[in-house]
Every structure is written in structure tokens, then in C-alpha cells.
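The values are calculated or read from the model by the stated rules, or taken from the named source; none is laboratory data. All figures in this text were calculated on a predicted structure; none of them were measured in a lab. Cβ: placed from backbone, ideal geometry, glycine included. Neighbour counts: every protein chain shown. With ligands, DNA and RNA removed, areas are computed over all heavy atoms of the protein, side chains included. Shrake-Rupley method; radii C 1.70, N 1.55, O 1.52, S 1.80 Å.
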Amino acid sequence: MPALIKAVRKQKVRCVDVLVKAGVDVNAQDAKGMTALLWAAHYENEQLTAPFLNAAQTRISRILNVKLH
């Protein structure tokens, strides 16, 4: 199981944040086909989903070369 999914399933928010910022594969799947983001949504924990949303916002901003609020 990928480290990011392990961190999400253990609800280690800081670890999730560090791994996402480090650029690990956020699309990696576990044996059930679940990604870390799907697990984070499963737990309904905004702190767990925030690193994924922030990373997506950063990538979109870079592509569009604008700041999103």
C-alpha cells in the first residue's frame, strides 16, 4: 500500500501534507482501487482533504499563471 494512503488511513494530517508537497503520486491506488483522496473523503475530514485541494489549486494556478482564491 502506498505511503500516502497509509498516512490518510491513519489520519496523519501532517504526514499527508508533507507527502503531497513532496510530490508523491496522489493517483496511486490500493488493492481495492482506492486513492488517498478517496480515503480522505471517506473519513469526511477536511484537514485530510485540504492538502490535495491545495496542491490542485497550485497546479492550476501555475498552468493558468494566475492566483486563485
GNM flexibility winner over the chain from 49, 58, 35 (Cα, springs under 10 Å) = 58
Rounded to a whole number, what % of the accessible area of the chain do carbon and sulfur atoms account for, probe 1.4 Å?
-> 54
Nearest 10 degrees, 0 to 90: what angle lies between the long axis of helix 13-22 and the longest principal axis of the chain (Cα atoms)?
-> 60
C-alpha long axis of helix 46-64 to longest principal axis of the chain, angle in ° | 40
Give the label of the value calculated from the structure for Cα extents along the principal axes in Å, choosing from (1) 36, 20, 18; (2) 32, 23, 21; (3) 37, 24, 17.
-> (1)
At residue 43 and residue 1, where each label point lies 7 Å from the Cα along Cα→Cβ, what is the point-to-point distance in nanometres?
-> 1.1
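Using packing as a proxy for protection, rank 19-30, 37-48, 1-12 so that the peptide with the highest average count of other Cβ atoms within 10 Å comes first.
Most protected by this proxy first, the peptides run 1-12, 37-48, 19-30.
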Per residue solvent-accessible surface (Å²) - the chain, probe of 1.4 Å | 72
Determine, for the chain, the count of lysine pairs separated by eight or more sequence positions (or lying on different chains) whose alpha-carbon distance falls under 20 Å.
-> 6
